[in-house]
Amino acid sequence: MAIAMIGTWRMAYEGLEKGLEAMKKGQSSGDAVETAITTVEDYPYFKSVGYGGLPNANGLVEMDAAFMDGDTFAVGAVAGISDVKNPVSVARKLSHDHFNSFLVGTGASEYAALNGFERKSMLTERAQKIWAKRKREIETKGLSPYDGHDTVGMVSLDQQGSMSVGTSTSGLFMKKPGRTGDSALVGDGYYCDSEIGGAAATGLGEDIMKGCLCYEIVRLMGTGLSPQAACDQAVYPFVEKLKKRYGKAGEFSLIALNKAGEWGVATNVEFTFAVGDETHPAKVMMANPGE
Ligand code: SD4
(Lines give C-alpha, C1' and ligand atoms only; values in the text may rest on other atoms or scores of the structure.)
Protein backbone atom coordinates (compact mmCIF):
# COMPACT_ATOMS: atom_id res chain seq x y z
CA MET A 1 0.00 0.00 0.00
CA ALA A 2 1.29 3.45 -0.90
CA ILE A 3 1.83 6.07 1.77
CA ALA A 4 0.75 9.67 1.18
CA MET A 5 0.15 12.89 3.07
CA ILE A 6 -1.22 16.37 2.39
CA GLY A 7 -1.18 19.44 4.65
CA THR A 8 -2.49 23.00 4.57
CA TRP A 9 -0.24 25.97 3.89
CA ARG A 10 3.50 26.31 3.48
CA MET A 11 3.84 25.84 7.23
CA ALA A 12 2.91 22.15 6.81
CA TYR A 13 6.05 21.31 4.83
CA GLU A 14 8.67 20.39 7.45
CA GLY A 15 6.18 18.47 9.58
CA LEU A 16 4.82 16.65 6.56
CA GLU A 17 8.33 15.57 5.59
CA LYS A 18 8.75 14.09 9.06
CA GLY A 19 5.32 12.43 8.87
CA LEU A 20 6.16 10.78 5.55
CA GLU A 21 9.49 9.57 6.93
CA ALA A 22 7.72 8.08 9.95
CA MET A 23 5.26 6.19 7.73
CA LYS A 24 8.08 4.94 5.48
CA LYS A 25 9.55 3.39 8.61
CA GLY A 26 6.24 1.65 9.26
CA GLN A 27 4.63 4.06 11.71
CA SER A 28 0.89 4.63 11.57
CA SER A 29 -0.99 7.42 9.82
CA GLY A 30 -2.01 8.66 13.28
CA ASP A 31 1.63 8.89 14.40
CA ALA A 32 2.45 10.71 11.16
CA VAL A 33 -0.31 13.27 11.67
CA GLU A 34 0.71 13.88 15.28
CA THR A 35 4.41 14.19 14.41
CA ALA A 36 3.65 16.55 11.54
CA ILE A 37 1.29 18.81 13.47
CA THR A 38 3.39 19.00 16.64
CA THR A 39 6.29 20.13 14.43
CA VAL A 40 4.15 23.05 13.28
CA GLU A 41 2.87 23.75 16.79
CA ASP A 42 6.42 23.95 18.13
CA TYR A 43 7.70 26.42 15.54
CA PRO A 44 7.46 29.95 17.02
CA TYR A 45 7.20 31.86 13.74
CA PHE A 46 3.92 30.42 12.47
CA LYS A 47 1.50 33.03 13.77
CA SER A 48 -1.64 30.96 13.77
CA VAL A 49 -0.71 27.60 15.28
CA GLY A 50 0.65 26.58 18.68
CA TYR A 51 3.64 28.41 20.16
CA GLY A 52 3.75 31.94 18.76
CA GLY A 53 0.07 31.81 17.72
CA LEU A 54 -1.75 35.13 17.85
CA PRO A 55 -3.86 35.82 20.93
CA ASN A 56 -7.56 36.55 21.38
CA ALA A 57 -9.09 39.93 22.23
CA ASN A 58 -7.93 39.61 25.85
CA GLY A 59 -4.34 38.82 24.84
CA LEU A 60 -4.58 35.11 25.66
CA VAL A 61 -3.62 32.36 23.20
CA GLU A 62 -6.60 30.00 23.00
CA MET A 63 -6.12 27.05 20.67
CA ASP A 64 -8.34 24.52 18.91
CA ALA A 65 -7.16 21.10 17.74
CA ALA A 66 -8.62 17.78 16.66
CA PHE A 67 -7.71 14.26 15.63
CA MET A 68 -9.70 11.56 13.83
CA ASP A 69 -8.83 7.93 13.20
CA GLY A 70 -10.29 6.86 9.87
CA ASP A 71 -10.37 3.15 10.79
CA THR A 72 -12.56 3.47 13.88
CA PHE A 73 -14.05 6.99 13.43
CA ALA A 74 -12.59 7.81 16.85
CA VAL A 75 -12.57 11.57 17.30
CA GLY A 76 -10.90 13.73 19.93
CA ALA A 77 -10.92 17.51 20.09
CA VAL A 78 -10.08 20.49 22.26
CA ALA A 79 -11.29 24.07 21.90
CA GLY A 80 -10.08 27.18 23.67
CA ILE A 81 -7.24 25.31 25.34
CA SER A 82 -4.37 27.42 26.73
CA ASP A 83 -0.87 26.95 28.11
CA VAL A 84 -0.43 23.50 26.58
CA LYS A 85 2.52 22.84 24.28
CA ASN A 86 0.85 20.41 21.87
CA PRO A 87 -2.94 20.63 21.65
CA VAL A 88 -3.11 18.03 18.87
CA SER A 89 -1.57 15.41 21.16
CA VAL A 90 -4.24 16.15 23.75
CA ALA A 91 -6.89 15.77 21.05
CA ARG A 92 -5.41 12.44 19.96
CA LYS A 93 -5.39 11.14 23.51
CA LEU A 94 -9.02 12.20 23.92
CA SER A 95 -9.90 10.25 20.78
CA HIS A 96 -9.22 7.05 22.73
CA ASP A 97 -12.11 7.84 25.08
CA HIS A 98 -15.71 7.02 24.24
CA PHE A 99 -17.06 9.68 26.57
CA ASN A 100 -15.78 13.21 27.16
CA SER A 101 -13.75 13.21 23.96
CA PHE A 102 -14.30 16.89 23.10
CA LEU A 103 -13.22 19.27 25.89
CA VAL A 104 -13.27 23.07 25.93
CA GLY A 105 -11.63 25.90 27.86
CA THR A 106 -10.41 25.30 31.38
CA GLY A 107 -11.71 21.72 31.28
CA ALA A 108 -9.43 20.97 28.34
CA SER A 109 -6.42 22.65 29.97
CA GLU A 110 -7.04 20.81 33.25
CA TYR A 111 -7.33 17.47 31.44
CA ALA A 112 -4.00 18.15 29.70
CA ALA A 113 -2.31 18.98 32.99
CA LEU A 114 -3.76 15.93 34.75
CA ASN A 115 -2.64 13.64 31.95
CA GLY A 116 0.94 14.82 31.94
CA PHE A 117 0.96 16.95 28.79
CA GLU A 118 3.68 19.57 28.80
CA ARG A 119 2.47 22.98 29.98
CA LYS A 120 3.89 26.03 28.26
CA SER A 121 3.02 29.68 27.92
CA MET A 122 2.28 29.90 24.20
CA LEU A 123 2.44 33.69 23.98
CA THR A 124 5.69 34.92 22.44
CA GLU A 125 7.03 38.47 22.61
CA ARG A 126 6.58 38.70 18.86
CA ALA A 127 2.91 37.67 19.03
CA GLN A 128 2.36 40.14 21.85
CA LYS A 129 3.82 42.96 19.73
CA ILE A 130 1.63 42.06 16.74
CA TRP A 131 -1.39 42.00 19.04
CA ALA A 132 -0.61 45.43 20.53
CA LYS A 133 -0.04 46.93 17.07
CA ARG A 134 -3.31 45.54 15.76
CA LYS A 135 -5.16 46.80 18.81
CA ARG A 136 -3.88 50.31 18.10
CA GLU A 137 -4.85 49.99 14.44
CA ILE A 138 -8.35 48.85 15.32
CA GLU A 139 -8.78 51.89 17.53
CA THR A 140 -7.11 54.49 15.31
CA LYS A 141 -7.69 53.24 11.76
CA GLY A 142 -10.91 51.29 12.19
CA LEU A 143 -9.29 48.11 10.78
CA SER A 144 -11.08 44.79 11.17
CA PRO A 145 -9.53 42.80 13.99
CA TYR A 146 -10.21 39.52 12.23
CA ASP A 147 -7.57 39.45 9.51
CA GLY A 148 -5.10 36.82 10.61
CA HIS A 149 -5.96 33.16 10.84
CA ASP A 150 -4.77 29.83 9.45
CA THR A 151 -5.08 26.22 10.48
CA VAL A 152 -2.64 23.43 9.90
CA GLY A 153 -4.58 20.39 8.75
CA MET A 154 -2.96 17.10 7.76
CA VAL A 155 -4.42 14.00 6.14
CA SER A 156 -2.33 10.84 5.94
CA LEU A 157 -2.43 7.31 4.50
CA ASP A 158 -0.10 4.64 5.86
CA GLN A 159 1.29 1.31 4.61
CA GLN A 160 -1.62 -0.58 6.17
CA GLY A 161 -4.16 1.54 4.31
CA SER A 162 -5.21 3.33 7.51
CA MET A 163 -5.97 7.03 7.30
CA SER A 164 -5.97 9.82 9.88
CA VAL A 165 -6.59 13.54 9.96
CA GLY A 166 -5.63 16.25 12.44
CA THR A 167 -5.94 20.01 12.81
CA SER A 168 -4.44 22.70 15.03
CA THR A 169 -4.93 26.46 15.18
CA SER A 170 -4.93 29.48 17.45
CA GLY A 171 -8.03 30.48 15.46
CA LEU A 172 -9.14 33.88 14.41
CA PHE A 173 -6.79 36.67 15.49
CA MET A 174 -8.48 38.87 18.16
CA LYS A 175 -11.37 36.43 18.46
CA LYS A 176 -13.66 36.79 21.42
CA PRO A 177 -12.63 34.65 24.38
CA GLY A 178 -14.36 31.30 24.01
CA ARG A 179 -14.84 31.56 20.25
CA THR A 180 -14.14 28.37 18.35
CA GLY A 181 -14.11 27.68 14.63
CA ASP A 182 -14.42 24.69 12.35
CA SER A 183 -11.03 23.19 13.22
CA ALA A 184 -12.32 21.48 16.38
CA LEU A 185 -15.61 20.39 14.82
CA VAL A 186 -15.83 16.99 13.19
CA GLY A 187 -17.27 17.06 9.68
CA ASP A 188 -16.65 20.79 9.41
CA GLY A 189 -12.87 21.28 9.75
CA TYR A 190 -11.87 17.63 9.32
CA TYR A 191 -13.20 14.17 8.55
CA CYS A 192 -11.72 10.80 7.70
CA ASP A 193 -12.88 7.31 6.67
CA SER A 194 -10.07 4.87 5.82
CA GLU A 195 -12.31 3.07 3.33
CA ILE A 196 -12.75 6.32 1.37
CA GLY A 197 -10.39 9.17 2.29
CA GLY A 198 -10.02 12.27 4.44
CA ALA A 199 -10.33 16.05 4.25
CA ALA A 200 -9.28 19.12 6.24
CA ALA A 201 -10.17 22.80 6.06
CA THR A 202 -8.64 26.19 6.67
CA GLY A 203 -10.27 29.58 6.37
CA LEU A 204 -13.07 31.40 8.12
CA GLY A 205 -14.47 28.82 10.50
CA GLU A 206 -17.78 30.63 10.91
CA ASP A 207 -18.47 30.07 7.19
CA ILE A 208 -16.76 26.69 6.66
CA MET A 209 -18.92 25.14 9.37
CA LYS A 210 -22.11 26.26 7.62
CA GLY A 211 -21.40 23.73 4.87
CA CYS A 212 -20.06 20.73 6.87
CA LEU A 213 -17.54 20.70 4.05
CA CYS A 214 -15.09 18.01 5.14
CA TYR A 215 -17.84 15.47 5.66
CA GLU A 216 -19.31 16.45 2.31
CA ILE A 217 -15.97 15.99 0.51
CA VAL A 218 -15.47 12.53 2.00
CA ARG A 219 -19.09 11.62 1.19
CA LEU A 220 -18.58 12.68 -2.42
CA MET A 221 -15.33 10.71 -2.68
CA GLY A 222 -17.35 7.74 -1.42
CA THR A 223 -19.61 8.03 -4.46
CA GLY A 224 -16.57 7.44 -6.65
CA LEU A 225 -15.40 11.01 -7.28
CA SER A 226 -11.70 11.81 -7.29
CA PRO A 227 -10.48 14.01 -4.42
CA GLN A 228 -10.21 16.94 -6.84
CA ALA A 229 -13.74 16.49 -8.20
CA ALA A 230 -15.11 16.04 -4.66
CA CYS A 231 -13.39 19.23 -3.47
CA ASP A 232 -14.68 21.15 -6.50
CA GLN A 233 -18.24 19.89 -6.09
CA ALA A 234 -18.39 20.47 -2.36
CA VAL A 235 -16.68 23.84 -2.10
CA TYR A 236 -17.45 26.08 -5.07
CA PRO A 237 -21.24 25.66 -5.26
CA PHE A 238 -21.41 26.20 -1.50
CA VAL A 239 -19.37 29.40 -1.68
CA GLU A 240 -21.76 30.67 -4.39
CA LYS A 241 -24.79 29.63 -2.33
CA LEU A 242 -23.44 31.49 0.69
CA LYS A 243 -22.82 34.63 -1.35
CA LYS A 244 -26.34 34.49 -2.75
CA ARG A 245 -28.24 33.59 0.37
CA TYR A 246 -26.08 34.92 3.21
CA GLY A 247 -24.66 37.89 1.30
CA LYS A 248 -20.98 37.02 1.61
CA ALA A 249 -18.52 34.17 1.97
CA GLY A 250 -15.26 34.11 3.91
CA GLU A 251 -12.02 32.40 2.91
CA PHE A 252 -12.23 28.69 2.21
CA SER A 253 -9.36 26.27 1.43
CA LEU A 254 -9.94 22.53 1.56
CA ILE A 255 -7.58 19.60 1.04
CA ALA A 256 -8.46 15.96 0.44
CA LEU A 257 -6.67 12.64 0.11
CA ASN A 258 -8.24 9.32 -0.87
CA LYS A 259 -7.35 5.75 0.04
CA ALA A 260 -5.38 5.40 -3.21
CA GLY A 261 -3.14 8.34 -2.22
CA GLU A 262 -4.65 10.74 -4.78
CA TRP A 263 -5.25 14.28 -3.58
CA GLY A 264 -7.26 17.38 -4.39
CA VAL A 265 -7.60 21.00 -3.30
CA ALA A 266 -10.27 23.69 -3.62
CA THR A 267 -9.83 27.30 -2.54
CA ASN A 268 -11.24 30.77 -3.03
CA VAL A 269 -7.94 32.48 -2.06
CA GLU A 270 -4.31 31.97 -3.06
CA PHE A 271 -3.42 28.87 -1.13
CA THR A 272 -0.18 26.99 -0.50
CA PHE A 273 -0.13 23.39 0.62
CA ALA A 274 2.37 20.58 1.05
CA VAL A 275 2.02 17.11 -0.37
CA GLY A 276 4.13 13.98 -0.78
CA ASP A 277 3.98 10.21 -1.08
CA GLU A 278 6.10 7.10 -1.29
CA THR A 279 7.77 8.10 -4.54
CA HIS A 280 7.39 11.90 -4.52
CA PRO A 281 9.18 13.70 -1.71
CA ALA A 282 7.29 16.43 0.16
CA LYS A 283 6.89 19.63 -1.82
CA VAL A 284 5.04 22.90 -1.48
CA MET A 285 2.48 23.74 -4.15
CA MET A 286 0.22 26.67 -4.78
CA ALA A 287 -3.43 26.72 -5.81
CA ASN A 288 -5.22 29.79 -7.14
CA PRO A 289 -8.85 30.56 -6.42
CA GLY A 290 -11.18 28.32 -8.38
CA GLU A 291 -8.45 26.35 -10.14
C1 SD4 B 1 -10.87 29.01 12.49
N2 SD4 B 1 -10.54 27.76 10.47
O3 SD4 B 1 -10.64 29.06 13.68
C4 SD4 B 1 -9.87 28.34 11.60
C5 SD4 B 1 -8.81 29.30 11.28
C6 SD4 B 1 -8.21 29.12 9.94
O7 SD4 B 1 -7.40 29.99 8.00
O8 SD4 B 1 -8.00 28.07 9.44
N9 SD4 B 1 -7.97 30.12 9.20
O10 SD4 B 1 -11.85 29.53 11.97
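The values are calculated or read from the model by the stated rules, or taken from the named source; none is laboratory data. Model, not experiment: these values are computed from the prediction. Using ideal geometry, Cβ is built from the backbone for each residue, glycine included, and neighbour counts are taken over all protein chains shown.
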Worksheet item: Taking the condition at pLDDT 95 or above, surrounded by 24 or more Cβ atoms within 10 Å (Cβ to Cβ) and closer than 18 Å to LEU172 by Cβ, does ALA66 pass?
Response: yes
Fill in: Which numbered condition SER89 fails, given (1) on the phi < 0 side of the Ramachandran plot; (2) modelled with pLDDT of 95 or more; (3) exposed (fewer than 13 other Cβ atoms within 10 Å of the Cβ)
(3)
Discussion item. Can you report the number of residues in the stretch 40-59 which are surrounded by fewer than 21 Cβ atoms within 10 Å (Cβ to Cβ) and modelled with pLDDT of 95 or more?
Written reply: 1
Worksheet item: Would a scan of the stretch 211-233 turn up a residue that is small (Gly, Ala, Ser) and part of a loop (DSSP other than H, G, I, E, B)?
Response: yes
Discussion item. Between GLY264, GLY222, GLY276, which is of a type in the set (Gly, Ala, Ser) and more than 20 Å from ALA12 (Cβ to Cβ)?
Written reply: GLY222
Worksheet item: Does at least one position in the stretch 115-124 carry a residue that is in contact (Cβ under 8 Å) with a residue 12 or more places away in the chain and either aromatic (Phe, Trp, Tyr) or under 27 Å from LEU213 (Cβ atoms) (or both)?
Response: yes
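Just a yes or no: is a residue in the stretch 248-256 free of Cβ contacts under 8 Å to residues at least 40 places away in the same chain and of a type outside the set (Val, Ile, Thr)?
Checking the stretch 248-256: at least one residue is free of Cβ contacts under 8 Å to residues at least 40 places away in the same chain and of a type outside the set (Val, Ile, Thr).
Report yes if some residue within the stretch 244-252 is assigned to a strand (DSSP E or B) and buried (at least 16 other Cβ atoms within 10 Å of the Cβ); otherwise report no.
Our first condition is that a residue be assigned to a strand (DSSP E or B); within the stretch 244-252, this holds for 252.
If we keep only those that are buried (at least 16 other Cβ atoms within 10 Å of the Cβ) too, we end up with 252.
For the stretch 244-252, residues assigned to a strand (DSSP E or B) and buried (at least 16 other Cβ atoms within 10 Å of the Cβ): present.
Out of the residues in the stretch 144-158 that are of a type in the set (Ser, Thr, Tyr) and modelled with pLDDT under 90, state the one that is nearest to the ligand (Cβ to nearest atom).
Looking at the filtered set, the residue picked out is TYR146.
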Discussion item. For the condition of a type outside the set (A, V, I, L, M, F, W, C) and in contact with a Phe, Trp or Tyr (Cβ under 7 Å, 6 or more places away or on another chain), what is the one hit in ASN258, ASN288, ASN268?
Written reply: ASN268
Practice prompt. Quickly run through the stretch 272-291 and pick out the residues that are of a type outside the set (A, V, I, L, M, F, W, C) and over 25 Å from GLN27 (Cα atoms).
Written response: THR272, ASN288, PRO289, GLY290, GLU291
Item to complete: Please specify each residue of the stretch 197-210 satisfying the condition of being in a strand (DSSP E or B) and either within 16 Å of the ligand (Cβ to nearest atom) or polar (S, T, N, Q) (or both).
Response: ALA199, ALA200, ALA201, THR202, GLY203
Worksheet item: In the stretch 9-46, what count of residues is obtained for those that are within 22 Å of ALA201 (Cβ to Cβ), without any contact (Cβ under 8 Å) to a residue 40 or more places away in the chain and not hydroxyl-bearing (Ser, Thr, Tyr)?
Response: 1
Item to complete: Please work out which one of (1) surrounded by 22 or more Cβ atoms within 10 Å (Cβ to Cβ); (2) more than 7 Å from the ligand (Cβ to nearest atom); (3) touching a residue at least 40 places away in the same chain (Cβ under 8 Å) is the condition SER194 fails and give its number.
Response: (1)
Fill in: Residue within the stretch 271-281 that is within 20 Å of ALA66 (Cα to Cα), touching a Lys or Arg at 6+ places or on another chain (Cβ under 7 Å), polar (S, T, N, Q) and at pLDDT 95 or above present
no
Item to complete: Please name all residue pairs, on different chains or six or more residues apart, with Cβ atoms under 7 Å, provided the first residue is in the stretch 47-59 and is basic (Lys, Arg) and the second residue is part of a loop (DSSP other than H, G, I, E, B) and modelled with pLDDT under 85.
Response: LYS47/GLY148
Practice prompt. Read through the list (1) in contact with a Phe, Trp or Tyr (Cβ under 6 Å, 6 or more places away or on another chain); (2) without any contact (Cβ under 8 Å) to a residue 40 or more places away in the chain, then give the number of the only condition that ILE6 fails.
Written response: (2)
Worksheet item: Looking only at the stretch 164-181, which residues are over 22 Å from TYR51 (Cβ atoms) and within 9 Å of the ligand (Cβ to nearest atom)?
Response: none
